[in-house]
Amino acid sequence: MSLRIYGNRQLKTLPGRETRPTSARVREAVFNIWQGTIEGCRWLDVCAGTGSMGAEALCRGASLVVGIEKSNRACAIIQQNWQSLASAEQEWKVLRGDVVQLLPKLSGQFDRIYFDPPYASGLYQPVLQAIAHSGLLDANGEIAVEHNPQDWTPPVIPSWEIYREKVYGNTALTFYRVVE
């Protein structure tokens, strides 16, 4: 299976159902909402899956893209895709492992974070808390959380607010940002 992203670029994907790529409609919506903020940003792709969101960020000029993914096979595909898309000035890395354990080990802050776990994984609360506790979100940064619109209650994270919620068929996005 192949997947097309910004600039009609083609990405490799894993066969089968090991990952669930973010739909083109949702990807386009996220990048429209964050339009004008991607160039030069530091992007974190949590539960990266196919890596399509990080790939889009690279194509749109992010200076740093970090992906976290549990699957060995998915990490190999993400690395191939990102290597083929990134310019010499862009930094990127793919980290393999348990997201809750890896987040506290990251250094620096991110301007944009995209979080799309398997919907029934139970990762929403622990991952959002780990991001907040580790200070990974820049003071002017934002997080987009992809989830099932019928089966999710947004976690309350101290010092963050929900400022936007959108539904696209079977997929919903909830946007958080830091409250001053």
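The values are calculated or read from the model by the stated rules, or taken from the named source; none is laboratory data. Predicted model only: the values in this text are computed from it and were never measured. Here the Cβ positions follow ideal geometry from the backbone for every residue, glycine too, while neighbour counts run over all protein chains shown. Remember, those area values only see protein heavy atoms, side chains included, never the ligands or the DNA or RNA. Shrake-Rupley method; radii C 1.70, N 1.55, O 1.52, S 1.80 Å.
Of the DSSP H helices in the chain, those that are both long (alpha-carbon extent of 18 Å or more along the helix axis) and hydrophobic (Kyte-Doolittle mean at least -0.5) are 72-85. Of the GluC sites (Glu not before Pro) found in region 23-77, those that fall in a DSSP loop while having at most 15 other beta-carbon atoms within 10 Å are Glu39.
Computed over protein heavy atoms with a 1.4 Å probe, the carbon and sulfur contribution to the accessible area of region 138-180 reaches 43%.
Remark: region 93-180 carries 50 Å² of accessible area per residue (probe radius 1.4 Å; ligands, DNA and RNA excluded).
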